Amino acid sequence: MNPPTRRKFLKGSMAALGSTVLPPAVQSALAAPAASGTLGSIAHVVILCQENRSYDHYFGTLKGGRGFNDDHAATIQATTRNVFAQANSMGSLYTPWRLDASKTSAQWLSDVPHDLNSGTAAWNKGRSDKWLPNKGMNAHGYLTRSDIPFQYALADAFTLCDNYFCSARTSTNPNRLFLMSGSIDPQGQRGGPATTNGFTYGTLTWQTYPEALQAAGISWRTYQEVDNYDDDALAWFKQFQNLPVDSPLYINGVKKRVLADFQADVMNDRLPAVSWIVAPAAKSEHPNGSPNVGGDYVNQYLQALAANPAVWAKTAFILTYDENGGFFDHVTTPTPPPGTPDEFVNGVPIGLGARVPTIVCSPWSRGGWIASEVFDHTSIIQFLEKWTGVRCPNISAWRRSVCGDLTSCFDFSVSSSAMPPLPDTAALANLALQQRSYPAPTPPAPNTVMPSYEAGQKPQRVQPYQLNGWLTQDLAAKRVWTNWSNGGSKAAPLQINLNAYRSDNPWTYTMAANNTSRDYWSVVTYGNGYYDLEMIGPNHFYRRFKGYLNAAAWNGQPEPQVQLTVDGATQSISILFDNRGTANNAVFTLLDRITANAGASRTITVGPGQSTTIAYAATDGWYDLKITLGGSSNFLQSMVGRIEGVPGLTRPPVLRW
C-alpha cells in the first residue's frame, strides 16, 4: 500500500475539526506542491506556560546557550566587574552559586521577591546591578544538568530560545496577560493598566487572543485542572464571567479539562488548532514546587502527543515560563526608547523583563538548536497570527518591531517526527519528593569566581540582524559620536551604557532594519575629555569604546579612529584604521580573542594623515577583537558579534580578559 501524500495527510487530519476554518498557512500548504515543507505543515499548536524561572537559573551552564560563558556582560558602572558579580546591601560580591539538588532541598526553594517594585529596583534603569539587595541571595542561585535533566534533555533535543524575555518586569499575572492577549492595557482604557497581580478580576475588558480566534472560526481550547493555580488569564476578563455552560467561551476557556482529556483528544485526533495548558500549583515549577515534578507534568503532555504519531507529526509544542520569578539573569533587557507609545506606565517602561526558558518542540525544530532572536510572550501570539491569519490588535508597534514571531525556530525543510528519548521523569519526580527533606541550600562566602559551564557549541538558527557599531570623534565640537547600523530585516534593541563620568544613563534605542543612526556625547563637558561607553544588542553584539578626546590627549592630536565593516552573510570583515586627522604615527595592536585562533595578535602601523584597511577572517561567522593604540593608555576598543544571515554555530570559546 502506498503511503499517503503530505497533502492528503493534512486534509485527513484537519477533517477531524469539522467545519472549523483552516488556518491560512494550512490552506496554503494544501495548495502547495506536496514536496514543500511550510508553516502550513503544522495542524496543532500547544502552549504550556510554567511558573517563575529565569534562563540563567535553569540554563546558565548549558553548552552553547548564552549563559555563564558570556564574558561581555554589561559592566557595572565605575567598577571593573560585570553584572555577574552582584553586590549585596553590605557591598560583598557574589557570582551565581550552585543549588545542588543532590545534597540540599534545592528542588523546593522558598519564594524569591518578584513584584513590580523589586523588579524595577533590581533592573535599576537598565544597569541590572541591584539584584541581591532587592531579591535576596536565592535569586543568584542556579541549577545544572544533574539537577534538572529533563529540561536539559529537552533543550538538547529541540530548539532552545536563549533570547526570549518575559514581557513585563513584574509578576505572573501581567505576563500571562501578555501571553493570552498581547497587552496589559497601559493606557487604562479597558480595566488596566494591569502592572501587578493586584487588579480586580472581572474588570478587564479588552479582547483576548482566544476570542479573536473564536470570531474567526479557528478552534481553540484550554486544558486546566480544578486547581489551576489561578493561572488561567481568561478568568480575569469580564467577558469570561458568568457565562452559560453552552457558551463557546465557557466550553473552550472556562470548563475544566485535565491531562486525561488531552490524552483522549490526541488519541482520537480531535485536538483544536490551538491549545493552552495551565498546570496545577504543585506541578507549575513555581519555586516552592519542584522543577522535576513540573518536568514530569510537561513530559506527560509530550508523551500524550507521542502516543499518536500522526498527531505529533503535525504539532508544535511550545514550553515557556511566565516570568523569571525574581531569579537573576545577566542579559541586558530590550527596553523601548523614552516616549514609545503603549510601552510606559507612569513614566517607567513595562519591559521587557528578564529572560525565561523557552523551548520549541516539534518535528521541525529537532536537533538541539539555539535561537537567539529577540522574543517575548507576544512572539507566541505573533506566531499564531502568522499561522492562522488572525491578528491581535493589542500588541504595541514597538514589540512588533523588535520581538520576533518564532518562525526562525523552525526548519520546515527538515522533519523528524520520532519523539526523542527523554529521561524517566516519573522517577525524577519521586526522587524530588525525597529531596524535600534535605537541608536548605546555603549561600557561599563572598566571591567573584564564575561558575563553570558545559564546553562546546550548538547549532544556531538564522538571525534577522546584521549589526555594527563604531565611534567617531569631533574635537571641534568636543563630542564623540556612537554610530550604529542594522543591515538585517528586523529591528533590534540597543542599549548604550556609560561606564564612567555620567550617571544619567543608560540610553535605549531601536536599530531600525536596513538603516543607520547615531547619537553624540559631550565628553569634554562631562568627563574632561575621557569617555568609556558600551553598546549592547542581541546575540552577543557588543562594542566598548574608551578614550580621551582633548587637544592635548594623544601627543597633542586627536586619537585615530577605527571602523569595522560587516559586508554580509558568508563575507569577510574589513577593519579601517584611520589616522588622517593626526600628525603622528599610529601603531595599533589587534588581539583576536577567539581561542581557536590562539589569541593571535597583529600590529598595524598607520602613518600620519594616512589610513589603511585590513581583512579579517571570522571564525564560524564570529569575531571578538580587542584593539589598543601605542602611546595612549586610554584607548581601547572591543568589537564582538557575528556575521548573520545563515545558520551556523553558537559563539566559540574566547580568551578571558
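The values are calculated or read from the model by the stated rules, or taken from the named source; none is laboratory data. Fair warning: this is a prediction, and the values are worked out from it, not measured in the lab. Cβ placement follows ideal geometry from the backbone for every residue including glycine, while neighbour counts extend to all protein chains displayed. Surface accessibility is based on the protein's heavy atoms, side chains included, excluding ligands, DNA and RNA. Shrake-Rupley method; radii C 1.70, N 1.55, O 1.52, S 1.80 Å.
Over the chain, DSSP H runs of length four or greater, each weighted -39,500 (n - 2.57), average out per residue to a 222 nm ellipticity of -5500 deg cm²/dmol. Kirkwood's formula applied to the C-alpha pairs of the stretch 346-456 gives a hydrodynamic radius of 18.6 angstrom.
Each part reduced to its alpha carbon centroid, the stretch 319-334 and the stretch 212-279 end up 27 Å apart. Report, to the nearest whole %, how much of the accessible area of the stretch 225-342 belongs to carbon and sulfur atoms, 1.4 Å probe, protein only. Within the stretch 225-342, the accessible surface is 55 percent carbon and sulfur. Sort the stretch 371-517 into rounded, prolate or oblate with this rule: let a ≥ b ≥ c be the square roots of the eigenvalues of the Cα gyration tensor; rounded if a/c is under 1.5, and if a/c is not under 1.5, prolate when a/b is larger than b/c, oblate otherwise. Oblate, because a/c is 1.5 or more while a/b does not exceed b/c.
Mind ranking 602-610, 329-337 by how tightly packed they are, going by the mean number of other C-beta atoms within 10 angstrom, highest first? Intermediate results must be reported in sequence, preceding the final value.
Values: 602-610: 13.7, 329-337: 23.2.
Result, highest mean first: 329-337, 602-610.
With the convex hull drawn around the C-alpha atoms of the stretch 267-309, the volume per residue stands at 73 Å³. Only Cα pairs under 8 Å and 6+ residues apart enter the sum, and on that basis the relative contact order of the chain stands at 17 percent. When the Cα atoms of the chain are aligned to their principal axes, the ranges along those axes come out at 83, 59, 49 Å in descending order. Here is the size of the stretch 488-645 from its Cα atoms: Rg then Dmax, 16.2, 43 Å.
Across q = 0.14, 0.28 Å⁻¹, the stretch 471-522 modelled as identical point scatterers on its alpha-carbon atoms has Debye log10 I(q)/I(0) values of -0.42, -1.09, in the order of the q list.
Would you mind checking 314/458; 103/626; 125/546; 135/283 for any pair whose Cα atoms are more than 32 angstrom apart? Kindly include the intermediate steps, with their values, before the conclusion.
Working: 314/458 25 Å; 103/626 42 Å; 125/546 22 Å; 135/283 24 Å.
Too far apart for the 32 Å limit: 103/626.
Using C-alpha pairs under 8 Å with a sequence gap of at least 6, the mean separation divided by the residue count of the stretch 378-430 gives a relative contact order of 37 percent. As a fraction of the 1.4 Å probe accessible area of the stretch 489-616, surface on carbon and sulfur atoms comes out at 42 percent.
Take the alpha carbon gyration tensor of the stretch 125-260, find the square roots of its eigenvalues, order them as a ≥ b ≥ c, and report rounded if a/c is under 1.5; if not, report prolate when a/b exceeds b/c, else oblate.
Details: a/c = 2.16, a/b = 1.40, b/c = 1.55.
Cα axes put the stretch 125-260 in the oblate bin.
For the listed peptides 410-421, 581-592, 435-446, 296-307, a ranking on the average number of other beta carbons within 10 Å per residue, highest first, reads 296-307, 581-592, 410-421, 435-446.
Ranked from highest to lowest mean number of other Cβ atoms within 10 Å per residue, what is the order of the peptides 504-514, 540-550?
On the way: 504-514: 17.5, 540-550: 22.4.
Ranking the peptides 504-514, 540-550 by packing returns 540-550, 504-514.
In the context of the full protein assembly, residue 80 retains an accessible surface of approximately 150 Å², using a probe radius of 1.4 Å and ignoring ligands and nucleic acids. For the chain, the solvent-accessible area with a 1.4 angstrom probe is 35 square angstrom per residue.
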